[in-house]
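Take a look at the structure below.
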Amino acid sequence: MCPGAPHVAAERERGTLMSRSLVRATLLAGALLGAGAARADFASVLQPSPIAASTAVAFQDSNVQPGTTSANGLYNFLDSWSFTLDGSFLVSSIAAAINFTDVDGHAVLFGITNLQVNLVTAPPSGPPIVSWLSVSAPATGLQQTVALVPPSALGSGTYTLEVRGDVTQPGAYSGSLIAQPLAPVPVPTTSALFACGILALGFTASRLRRS
């Protein structure tokens, strides 16, 4: 063995270790980037306390990033907004009002196409209550409101408003959610019921006299 052989062997081993470390670092970076893309979808709670009847609760995502891509390729992000109803009133529909411009006429919804909303049970991406509805630009005004009407009134529980679309950076949207209370069924007042009873008694007495 020549005198320099051990040194050459050590250099080769060092080079091999460096190459392996570089490969590991590259794989780790790729994994982190992939995980980051998977977490790009935004999930939040509208407000910590239950939503009151007919109260508008604002929501916005000012930095929409590509995340979950649908199978058909039309949507590349899926945001989730959870909220709670305490059961003090029944909800006939959830109104999602999406802002397209602010009061000065500046664009608020931008960088997004194929915008849609739906309503699911919690946790996010749970069973759908209302299927996806498209949000088109309003013909007039600053907002477009989409009514999410469940097959039956919503009681106490946690629900999620989902927003999806196709974003080209930068992307942003904002809006508000309103829980519409179920209209009460008119109930006859006590005086009306009493009057109906008197009329029924009078009708019965009249029939008895005729017989």
Inset, instruction - For segment 97-109, indicate whether the set of residues that are among the charged types (D, E, K, R) and free of Cβ contacts under 8 Å to residues at least 12 places away in the same chain is non-empty. - result: yes
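Any chance segment 182-203 includes a residue that's modelled with pLDDT of 70 or more and surrounded by 13 or more Cβ atoms within 10 Å (Cβ to Cβ)? Give the steps one after another, and end with the answer.
Keep residues of segment 182-203 that are modelled with pLDDT of 70 or more, which gives 182-183.
If we keep only those that are surrounded by 13 or more Cβ atoms within 10 Å (Cβ to Cβ) as well, we get 182.
The answer is yes; a qualifying residue exists.
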Inset, instruction - Return yes or no: is Val108 closer than 20 Å to Ser44 by Cβ and surrounded by fewer than 19 Cβ atoms within 10 Å (Cβ to Cβ)? - result: yes
Legend entry - Enumeration of residues in segment 115-129 that are out of contact with any Lys or Arg (no Cβ under 6 Å at 6 or more places or on another chain), assigned to a strand (DSSP E or B) and surrounded by 15 or more Cβ atoms within 10 Å (Cβ to Cβ): Leu115, Val117, Asn118, Leu119, Val120, Thr121, Ile129
Legend entry - Residue within segment 148-163 that is farther than 21 Å from Leu182 by Cβ and surrounded by 15 or more Cβ atoms within 10 Å (Cβ to Cβ) present: yes
Legend entry - Scope segment 62-109; condition assigned to a loop (DSSP other than H, G, I, E, B), among the β-branched types (Val, Ile, Thr) and more than 19 Å from Ala137 (Cβ to Cβ); matching residues: Thr68, Thr69
Legend entry - For Asp102: the one exception among (1) at pLDDT 70 or above; (2) closer than 17 Å to Val57 by Cα; (3) exposed (fewer than 14 other Cβ atoms within 10 Å of the Cβ): (1)
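Please enumerate the residues belonging to segment 129-183 that are farther than 23 Å from Asp86 by Cβ and free of Cβ contacts under 8 Å to residues at least 24 places away in the same chain.
If the condition is that a residue be farther than 23 Å from Asp86 by Cβ and free of Cβ contacts under 8 Å to residues at least 24 places away in the same chain, then Ser131, Leu133, Ser134, Ser136, Ala139, Thr140, Gly141 are the ones that fit.
The values are calculated or read from the model by the stated rules, or taken from the named source; none is laboratory data. Note that the structure is predicted; figures quoted are calculated from it, not measured. Using ideal geometry, Cβ is built from the backbone for each residue, glycine included, and neighbour counts are taken over all protein chains shown.
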